[in-house]
Amino acid sequence: MGFASSGLTIFSYFAKLIIMKDPTIIFRALADPTRRQILKALKESDLRAGEIVDMFTMSAPSVSRHLSILKAAELISERRDGNSIIYHLHAEQLALCLSEFISTVCPMDTVQRKKKRS
């Protein structure tokens, strides 16, 4: 598929490459139900590490590992507030990845052709 047929200029193509995180890392992060539950909780508000640990019956180091995977995928970030670590959701990173995946697997011209046939 060329740039013209995809609607991308060469600049926007390279900009997307720089901004987009490897989708494999993001999909691996999403594969675990615990991590998805953490993301859902962070959608409501930023949370302290202890609040996230309290949501689960697993140990704090296990939750910390899940948080590390989400951070590596750049789906969340952390900041210090005194002695606390506060986590924040980066929903735009997830939206970009899913949008890119959907447009690759199911391009709009395919959807539009199917609509015309219906």
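The values are calculated or read from the model by the stated rules, or taken from the named source; none is laboratory data. What you see is a predicted model, and the numbers here were worked out from it, not measured in a lab. Glycine gets a Cβ as well: all are built from the backbone with ideal geometry, and neighbour counts include every protein chain shown.
Every residue, every condition in (1) closer than 16 Å to D22 by Cα; (2) exposed (fewer than 13 other Cβ atoms within 10 Å of the Cβ); (3) under 10 Å from the mean Cα position of the chain (by Cα), yes or no:
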{"position": "M55", "(1), (2), (3)": "no, no, no"}
{"position": "L75", "(1), (2), (3)": "yes, no, yes"}
{"position": "H90", "(1), (2), (3)": "yes, no, yes"}
{"position": "C97", "(1), (2), (3)": "yes, no, yes"}
{"position": "E100", "(1), (2), (3)": "yes, no, no"}
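For the stretch 102-118, the candidate set comprises residues that are among the polar types (S, T, N, Q) and exposed (fewer than 12 other Cβ atoms within 10 Å of the Cβ); within that set, the residue that is modelled with the highest pLDDT is T104. Applying the set (1) closer than 23 Å to T104 by Cα; (2) in contact with a His (Cβ under 8 Å, 6 or more places away or on another chain) to A31 leaves exactly one unmet item: (2). Scanning the stretch 8-29 for residues that are out of contact with any helix residue (DSSP H, G or I) (no Cβ under 6 Å at 6 or more places or on another chain), surrounded by fewer than 12 Cβ atoms within 10 Å (Cβ to Cβ), at pLDDT 75 or above and not aromatic (F, W, Y) turns up at least one hit. Among the residues of the stretch 35-49, those that are more than 21 Å from D22 (Cα to Cα) and either surrounded by 13 or more Cβ atoms within 10 Å (Cβ to Cβ) or in contact with a Ser or Thr (Cβ under 7 Å, 6 or more places away or on another chain) (or both) comprise Q37, A41, L42, D46, L47, R48, A49.
Within the stretch 57-73, the set of residues being of a type in the set (V, I, T) and surrounded by 12 or more Cβ atoms within 10 Å (Cβ to Cβ) comprises V63, I69.
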